[in-house]
Amino acid sequence: MPGYELFGPEERKEVNDVLETGIMMRYGFDGPRKGVWKAKELEKAICEKLNVSYTQLASSGTAALVAAMAALGVGAGDEIIMPTFTFVASFESVLAVGATPVLVDIDDTLTLDPKAVEAAITPRTKVVMPVHMCGSMADLDALQAICKKHNLFLLEDACQAFGGTYKGKALGAIGDAGTFSFDFVKTITCAEGGAVITNNKDIYLKCDGFTDHGHDHLGVDRGADEHPFIGYNYRISELHAAVGLAQVRKLDRFLEIQRSTKKIFKDALAAIPGVTFRRIPDEAGDSATYLSFFLPEAAQAKQAAANMKAAGLPVFYYYDNNWHYIRQWKHFKEGSVLTPFAPGLKQAMEIYKTKEFPASDAVISRNICTPINLAWSAEEIQERAKKLVDAVKSAL
Ligand SMILES: *Cc1c(COP(=O)(O)O)cnc(C)c1O
């Protein structure tokens with residue numbers, strides 16, 4: 001990952017199809033578009049690739065999350081259980097619909113700890129939102145069982161895990177709905193874009209309308225559409241969808257490269273005493289966009305990350321990073337927003353000013369994550385594996 005590393009004539013051809021007609025809007029203009037419907041084609045391609053009934057594209061992964069929450073009927077007063085380790089967009093989308101993010105600890109899967117989820121359930125809980133971070137999945141059997149027992153929705157934020165599977169099913173297609181991001185640094189890119197997938201027709205139709213001003217798309221033309229509810233413009237453009245279409249066709253190749261490169265790095269590190277790896281509930285379904293491992297002590301992990309950086313290796317030490325881990329989300333903790341929270345939400349957000357997450361800290365402070373690039377040559381991979389081992393060894 002990311003998909004832009006293998007951008008080429010295939011993407012240019014799809015974009016050119018759109019430029020030839022000049023119709024960059026995904027809906028309407030039936031005559032002038034001369035049969036070119038890239039967004040519809042990409043939705044169909046995703047349904048086929050992931051074996052899911054419905055796909056609704058959106059302008060971003062964040063927009064897809066907001067649409068999914070709206071479609072699940074989530075709003076003011078509802079609580080959504082989500083992990084302390086994710087991308088900021090996960091809580092942004094909860095706040096965007098006026099709901100309350102309830103952050104709970106992760107475990108050594110780097111995703112929701114099912115025990116922490118169960119302990120956080122209240123009468124106001126409506127959704128459990130696992131985030132399949134860094135290409136690999138949460139313990140979906142355990143989370144599904146919790147959702148069933150407490151009658152909650154399961155919404156998978158699979159924005160970082162396109163192409164991953166759990167027990168043979170596509171990540172994102174297991175819960176009531178799942179979301180993907182196709183932003184510039186994701187496995188499959190549209191430059192900017194996202195999608196909601198679901199097997200539930202009602203959820204799909206709500207996403208379809210919500211991402212396009214509430215249009216029901218049943219009229220003979222846009223002017224004849226009804227508006228059963230209020231929506232927004234969270235549409236993807238034909239140009240973006242065209243890029244995604246070429247990218248989705250490359251998915252199998254991307255996964256193959258990632259898995260083979262990751263195995264080389266992992267085998268090299270496994271020989272070092274003290275190195276342990278992220279627990280992956282279904283190894284066969286890992287999309288292998290990243291290799292995540294642990295060192296015994298936080299100070300060693302921090303040192304190893306510094307060594308990797310100095311050796312020119314890409315590395316995330318999430319404990320110190322302010323995009324993916326709660327410790328440095330100052331704006332979130334302080335509740336800094338441009339328009340005031342509704343009173344109940346304001347009160348619910350107060351707890352984050354002081355709340356500590358020692359169990360998450362103990363996991364993330366010892367974790368190192370390195371992305372797997374698609375364009376490295378075989379020699380480069382060997383050379384990088386050697387540098388990786390040296391960087392880690394000298395931190396222990
Ligand atoms: C990238 C990402 C998003 C949001 O996607 P955008 O397309 O950038 O809006 C949401 N959740 C996670 C976990 C992500 O990594």
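The values are calculated or read from the model by the stated rules, or taken from the named source; none is laboratory data. This is a predicted model, so every value here is computed, not measured. Glycine also receives a Cβ, built like all others from the backbone with ideal geometry; neighbour counts cover every protein chain displayed. Heads up: the accessible areas ignore ligands, DNA and RNA and are worked out on the full protein's heavy atoms, side chains in. Shrake-Rupley method; radii C 1.70, N 1.55, O 1.52, S 1.80 Å.
Here are a few things to note about the model shown:
- Elements of type helices (runs of 4 or more DSSP H) contained in segment 77-196, each with 3 or more residues being within 13 Å of the ligand (Cβ to nearest atom) and touching a strand residue (DSSP E or B) at 6+ places or on another chain (Cβ under 6 Å): 89-96
- When the helices (runs of 4 or more DSSP H) confined to segment 280-396 are screened for residues that are among the small types (G, A, S) and farther than 28 Å from E92 by Cβ, those reaching at least 3 such residues are found at 298-310, 378-393.
- Pairs, first in the same structural domain as Q300 (by TED's automatic domain parsing) and closer than 22 Å to K186 by Cβ in segment 369-386, second open to solvent by less than 40 Å² (accessible area, probe 1.4 Å) and of a type in the set (G, A, S), C-beta under 7 Å, six or more apart: C369/S292; I372/A288
- In the set G244, G172, only one residue is surrounded by 16 or more Cβ atoms within 10 Å (Cβ to Cβ) and either free of Cβ contacts under 8 Å to residues at least 40 places away in the same chain or under 30 Å from L152 (Cα atoms) (or both); that residue is G172.
- Residue in segment 197-206 that is farthest from I236 (Cα to Cα), counting only those that are of a type outside the set (D, E) and either within 12 Å of the ligand (Cβ to nearest atom) or assigned to a helix (DSSP H, G or I) (or both): K201
- Among the residues of segment 19-35, the ones that are within 26 Å of C159 (Cα to Cα) and crowded, with 16+ Cβ neighbours inside 10 Å come to 3 in all.
- Selection within segment 50-61: residues that are open to solvent by 20 Å² or more (accessible area, probe 1.4 Å) and within 16 Å of T179 (Cβ to Cβ). The member of this set that is farthest from the ligand (Cβ to nearest atom) is S53.
- Selection of first residues in segment 209-224 that are among the polar types (S, T, N, Q) and of second residues that are part of a strand (DSSP E or B), restricted to Cβ pairs under 6 Å at least 6 apart or on distinct chains, gives the following pairs, ordered by first then second residue: T211/A58.
- Scanning segment 118-140 for residues that are of a type in the set (D, E, K, R) and more than 19 Å from the chain's Cα centre (by Cα) yields E118, R124, K126.
- The single condition among (1) open to solvent by 20 Å² or more (accessible area, probe 1.4 Å); (2) under 23 Å from L140 (Cα atoms); (3) not aliphatic (A, V, I, L, M) that D286 does not meet is (1).
- Condition check for A89: in contact (Cβ under 8 Å) with a residue 60 or more places away in the chain and of a type outside the set (D, E): yes
- Some residue of segment 107-116 being in contact with a Phe, Trp or Tyr (Cβ under 8 Å, 6 or more places away or on another chain) and crowded, with 24+ Cβ neighbours inside 10 Å: yes
- Looking at G209, G214, just one residue is away from the ligand (no atom under 16 Å from the Cβ), part of a loop (DSSP other than H, G, I, E, B) and open to solvent by less than 10 Å² (accessible area, probe 1.4 Å), and that residue is G214.
- Subset tally (residues that are open to solvent by less than 30 Å² (accessible area, probe 1.4 Å) and over 19 Å from A311 (Cα atoms)) for segment 349-376: 8
- Pairs, first free of Cβ contacts under 8 Å to residues at least 60 places away in the same chain in segment 294-321, second open to solvent by 50 Å² or more (accessible area, probe 1.4 Å), C-beta under 6 Å, six or more apart: V315/K309
- Pairing residues of segment 62-79 that are surrounded by fewer than 24 Cβ atoms within 10 Å (Cβ to Cβ) with residues that are assigned to a helix (DSSP H, G or I) and among the acidic types (D, E), at Cβ distances under 7 Å and at least 6 apart in sequence or on separate chains, gives T62/E92.
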